[in-house]
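Worksheet: one structure, shown below.
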Amino acid sequence: MAHTKGRLRSGIRQWASQAHAEAVDLQRDVAKAAKAGCQRIDDAPDREMVTVQGTLKTVTLRPRGGVPALEAELYDGSGTITVLWLGRRRIAGIFPGRAIRVTGRIGVHGGVRTIYNPRYDLRY
């Protein structure tokens with residue numbers, strides 16, 4: 001049993017280390033993108049037009065009021081924001097792990113920061 005706990009701890013440390021390294025890399029990318037007008041998600045003000053970029057962590061079809069809606073969680077190493085395209089079931093190139101830059105107005109609904117129907121650029 002002690003051997004299993006040791007492997008579990010080792011696995012958790014490795015996962016945490018990888019997550020930290022990913023966050024550092026994403027923050028470095030956002031710092032470079034700041035020259036193009038991008039902001040860190042944690043620093044982006046609500047109710048103003050902003051441009052943020054990062055990696056899509058999740059992409060889910062989540063209908064709202066009978067209308068299809070594609071919902072994604074965007075992470076840039078500083079924080080996350082929900083990106084929601086109303087009336088869409090899927091968008092070519094939008095999938096978990098994809099780097100993307102979005103522009104739109106941040107609203108807060110139910111305590112969740114969300115950008116509805118943003119303009120977007122797929123990053124390579």
Checking LEU26, LEU61, LEU56 in turn, the sole residue that is under 28 Å from ALA92 (Cα atoms) and modelled with pLDDT under 65 turns out to be LEU26
Over the range 93-124, the set of residues hydroxyl-bearing (Ser, Thr, Tyr) and surrounded by fewer than 16 Cβ atoms within 10 Å (Cβ to Cβ) is TYR116, TYR124
When the range 55-92 is checked residue by residue, the ones that are open to solvent by less than 70 Å² (accessible area, probe 1.4 Å), small (Gly, Ala, Ser) and either touching a Phe, Trp or Tyr at 6+ places or on another chain (Cβ under 9 Å) or over 20 Å from LEU122 (Cβ atoms) (or both) are ALA69, ALA72, SER78, GLY79
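The values are calculated or read from the model by the stated rules, or taken from the named source; none is laboratory data. What you are looking at is a predicted structure, and each value in this text was computed from that prediction instead of being measured. A quick note on method: Cβ atoms are made from the backbone with ideal geometry, for glycine too, and the neighbour counts reach across all protein chains shown. These accessible areas exclude ligands, DNA and RNA; they are computed on the full protein's heavy atoms, side chains included. Shrake-Rupley method; radii C 1.70, N 1.55, O 1.52, S 1.80 Å.
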